[in-house]
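**Student:** Dropping the structure in here first, questions after.
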Ligand SMILES: [Zn+2]
């Protein structure tokens, strides 16, 4: 039985990447677990859709307020959005590191910063970018390399945090379990789903809050309906977030989730009602 509160560390490349596991973080924060969210970059170089679209226009039609906005100003707005999003899920320990994105590179400085965060937080659970480049879903574009580089940086930091340095009094730390959000994988690669049906509205609100990325309410609703609904479809519930384990887990006994036991014994109609949110 799991009765000690857990400490979660979430490490992502850009602020918006947190949303892919936000419902799961909300569930754990509400149950008393501690969540620390780290974004390696302030995201100034990514998803400035307004600037992109403004630059498509003829020069005389361009809005100077958008054209002349500095990267720092854009980053400040995004930070504000990010902190509000985290609050929606009960997460108050939010750390935005100042490494440049577009592209972000795994430097020794970045690895060391993450190692210090691991010592500070001493997490039981790490949720982070997937470190696998192979597979059809591997992101090959330069702009999205930030995710891979973040994955390699935290992997190295994780290894170093568990390794003592000569002459140092630093207490090593080993993270017990590492998971990668399912959005970076194909459906048949997912190890397990977390039912986030009760957190769907917060996931939608989070998308709306990232308005600097050009998100509107109708876009947010559509995106979350499809995204978490797609995972939910595979999971057999309304909305879900999928995860892939970094390593197979060793159990003390076989644990059958409550969800599976209930689904096996209840009327099939209940299952359909749950998929559309008519049943808890
Ligand atoms: Zn990203």
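The values are calculated or read from the model by the stated rules, or taken from the named source; none is laboratory data. Only a predicted model underlies this, so the values are computations on that prediction, with no experimental measurement involved. Positions of Cβ are backbone-derived with ideal geometry, glycine not excepted, and every protein chain shown enters the neighbour counts.
**Student:** Which of the residues belonging to the stretch 1-26 are more than 18 Å from residue 207 (Cα to Cα) and either modelled with pLDDT of 95 or more or touching a strand residue (DSSP E or B) at 6+ places or on another chain (Cβ under 8 Å) (or both)?
**Tutor:** Residues satisfying the conditions are 5, 6, 7, 8, 9, 10, 11.
**Student:** Something else now. Would you confirm whether or not the stretch 140-149 contains a residue that is within 15 Å of the ligand (Cβ to nearest atom), crowded, with 18+ Cβ neighbours inside 10 Å and either at pLDDT 95 or above or not in a helix (DSSP H, G or I) (or both)?
**Tutor:** Scanning the stretch 140-149 turns up no residue that is within 15 Å of the ligand (Cβ to nearest atom), crowded, with 18+ Cβ neighbours inside 10 Å and either at pLDDT 95 or above or not in a helix (DSSP H, G or I) (or both).
**Student:** Would you say residue 199 is over 30 Å from residue 48 (Cβ atoms) and within 21 Å of the chain's Cα centre (by Cα)?
**Tutor:** Values: over 30 Å from residue 48 (Cβ atoms): no; within 21 Å of the chain's Cα centre (by Cα): yes.
Considered against the rule, which asks whether it is over 30 Å from residue 48 (Cβ atoms) and within 21 Å of the chain's Cα centre (by Cα), residue 199 comes out as no.
**Student:** With (1) in contact with a strand residue (DSSP E or B) (Cβ under 9 Å, 6 or more places away or on another chain); (2) assigned to a helix (DSSP H, G or I); (3) modelled with pLDDT of 95 or more as the list, and residue 194 as the residue in question, which single condition is left unmet?
**Tutor:** Result: residue 194 passes all but (2).
**Student:** If only one of 160, 155, 133 is at pLDDT below 95 and either surrounded by fewer than 22 Cβ atoms within 10 Å (Cβ to Cβ) or in a helix (DSSP H, G or I) (or both), which one is it? Write out each step before concluding.
**Tutor:** Working: 160 fails: at pLDDT below 95; 155 fails: at pLDDT below 95.
Residue meeting the stated conditions: 133.
**Student:** Taking the stretch 250-280 as the region of interest, how many residues are out of contact with any helix residue (DSSP H, G or I) (no Cβ under 8 Å at 6 or more places or on another chain), part of a loop (DSSP other than H, G, I, E, B) and within 21 Å of residue 198 (Cα to Cα)?
**Tutor:** Residues in the stretch 250-280 being out of contact with any helix residue (DSSP H, G or I) (no Cβ under 8 Å at 6 or more places or on another chain), part of a loop (DSSP other than H, G, I, E, B) and within 21 Å of residue 198 (Cα to Cα): 4 in total.
**Student:** Filter the stretch 23-45 down to the residues that are surrounded by fewer than 24 Cβ atoms within 10 Å (Cβ to Cβ) and part of a strand (DSSP E or B), then identify the one that is nearest to the ligand (Cβ to nearest atom).
**Tutor:** Checking each candidate, the answer is 38.
**Student:** Residue 60 versus (1) surrounded by 14 or more Cβ atoms within 10 Å (Cβ to Cβ); (2) more than 29 Å from residue 244 (Cβ to Cβ); (3) out of contact with any helix residue (DSSP H, G or I) (no Cβ under 6 Å at 6 or more places or on another chain): which is the lone unmet condition?
**Tutor:** (1)
**Student:** Additional query: Scan (1) in contact (Cβ under 8 Å) with a residue 12 or more places away in the chain; (2) surrounded by 15 or more Cβ atoms within 10 Å (Cβ to Cβ); (3) within 21 Å of residue 276 (Cβ to Cβ) for the single condition residue 187 breaks and write down its number.
**Tutor:** (2)
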